[in-house]
Amino acid sequence: MDSFQFKAIGYISSPYKQKFAIPRQPGLIEEARGSIILEADYSDDTIVRGLDSFSHLWLVFVFHQTADKGWSPMVRPPRLGGNARKGVFATRATFRPNPIGLSVVKFEGIERKKDKLIIKLSGIDLLDGTPILDIKPYLPYADALPDAASGFADAAPETAMQVSFSSQATIFCQQQLQYPDLQRFIEKVLKQDPRPSYKKQRSGEQQYGMTLYHYNIKWTVNGEQNHVTEIHPLP
């Protein structure tokens, strides 16, 4: 068979509303909480029976925002500063022959809201609205291989970025009640330095904005200093 057709079993509800702020890998930001809202055909409680005995899950998903952009046999991994080319199969780049991704996330429970069945997650690295094709339990004895070689990505990425908050941003985080970890979440996102590689080479102050949950967040970068200047609800 040369082609296959799949139907999404559900869609991700995520604090990441744009690609810009998403960490490079899952699990890097524990405060990144989201959920899978299962489609009606898969909203029977029996479909998740036994899932609560697992701590982590594998998600098979579609890179839906880049699927129409085609693929490339060679890509420039951000981990290498965008300066070196690798074969696409030696990376986790989005521009693949088939735009399918794999992510391991922490299972946080199951919730029923009327006719909707919702799987709650944390540590996610998925864009809001991502189609989910399948869910599989993570098995430590088979999936965790501590002696495996990991090429150019041999350790979790680290930066020396520091993050500070203006008075307005700090007060906003303290006064909103929906996301008690909001300030810590923003801090961890910025410590990952989500900027494109070519902008990291620039000197002087740079201004950026991003959307997390339903908030517009503005900050400046000067060297290794991030300063969150404003946080406002989206209109």
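Things to note:
- Separation between Cα centres of region 87-121 and region 29-45, rounded to whole Å: 10 Å
- Qualifying lysines (Cα of each under 19 Å from Cα of residue 116; at least 8 residues distant if same chain): 7
- Checked against a 26 Å cut-off, the cross-linked pairs 120/199; 106/188; 17/120 give Cα-Cα distances beyond that limit for 120/199.
- Distribution of pairwise C-alpha distances over region 157-204, 10 Å bins, in %: 22, 44, 26, 8
- Between 147, 125, 41, the residue with the greatest mean-square fluctuation in the GNM of the chain (Cα pairs under 10 Å linked by springs) is 147.
- Protection proxy ranking, peptides 18-26, 192-200, average beta carbon neighbours within 10 Å, highest first: 18-26, 192-200
- Distance between the 7 Å Cα→Cβ label points at residue 5 and residue 202: 4.5 nm.
- Volume of the Cα convex hull of region 108-235, divided per residue and given in Å³: 182 Å³
- The calculated FRET efficiency for residue 53 paired with residue 80, based on their beta-carbon distance and R0 = 41 Å, is about 0.55.
- Virtual paramagnetic centre 7 Å along Cα→Cβ of residue 222, amide N under 16 Å, in region 194-214: 202-208
- For region 10-143: accessible area per residue (Å², 1.4 Å): 55 Å²
- Overall dimensions of region 10-143, expressed as equivalent-ellipsoid semi-axes from the Cα gyration tensor (√(5λ), whole Å, largest first), are 28, 16, 14.
- Electrostatic dipole magnitude of region 162-233 [Cβ: Lys, Arg +1; Asp, Glu -1; Cα centre; debye, to 20]: 220 debye
- Here the Debye sum runs over all C-alpha atoms of region 162-233 as equal scatterers in vacuum, and log10 of I(q)/I(0) at q = 0.17 Å⁻¹ comes out as -0.59.
- Dimensions in Å of the chain - Rg and Dmax from alpha carbons: 18.9, 60
- Rounded to the nearest 20, the size of the Cβ-charge dipole of region 10-143 about its Cα centre is 720 debye, with Lys and Arg at +1 and Asp and Glu at -1.
- The share of accessible area on the chain that comes from carbon and sulfur is 50 percent, using a 1.4 angstrom probe.
The values are calculated or read from the model by the stated rules, or taken from the named source; none is laboratory data. Computed from a predicted structure; not experimentally measured. Note: ideal-geometry Cβ built from the backbone for every residue, glycine included; neighbour counts use all protein chains shown. All accessible areas refer to the heavy atoms of the entire protein, side chains included, with ligands and DNA or RNA removed. Shrake-Rupley method; radii C 1.70, N 1.55, O 1.52, S 1.80 Å.
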